[in-house]
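No value in this document is a laboratory result; all are computed from the given coordinates. These figures come from a predicted structure and were not determined experimentally. As a convention, Cβ positions derive from the backbone with ideal geometry for all residues, glycine included, and neighbour counts pool all protein chains shown.
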Amino acid sequence: MEFDRNKIKETFLHDLSMDIMSHLTEAETFVIRKRLGVYDNGEKQTLRAIAEATGKTHERIRQIENKAYMHIIYPLARKTYTQKDKKTKMSSF
């Protein structure tokens with residue numbers, strides 16, 4: 001039996017990227033995909049271009065991007081932030 005190594009690699013990378021993206025918010029996913037060129041025929045977008053398209057500031061887009069990378073690199077940090085968010089929401093009652 002012969003395996004198509006490229007197809008296996010492509011499937012693995014797709015599944016891995018979908019798993020990683022599932023841990024991000026919609027805004028984080030959008031910014032990361034724009035920055036990496038997943039949209040727009042592979043053309044990478046600048047922070048300023050994304051900011052103009054979304055009506056947010058350049059600084060806010062940078063913050064969203066950094067938070068997304070933190071969630072990708074440090075998966076446990078997401079659990080910590082989620083727990084803090086729950087505590088904050090509960091304490092506001």
*Give me the number: length gained by fully extending K9 to E59, i.e. 0.36 nm times residue separation minus the C-alpha to C-alpha distance, one decimal in nm.*
14.4 nm
*For the stretch 1-46, what Kirkwood radius comes out of the mean inverse Cα-Cα distance, in Å?*
12.0 Å
*Counting other Cβ atoms within 10 Å of each Cβ, which GluC sites (Glu not before Pro) in the stretch 1-46 have at most 11 and sit in a DSSP loop?*
E2, E43
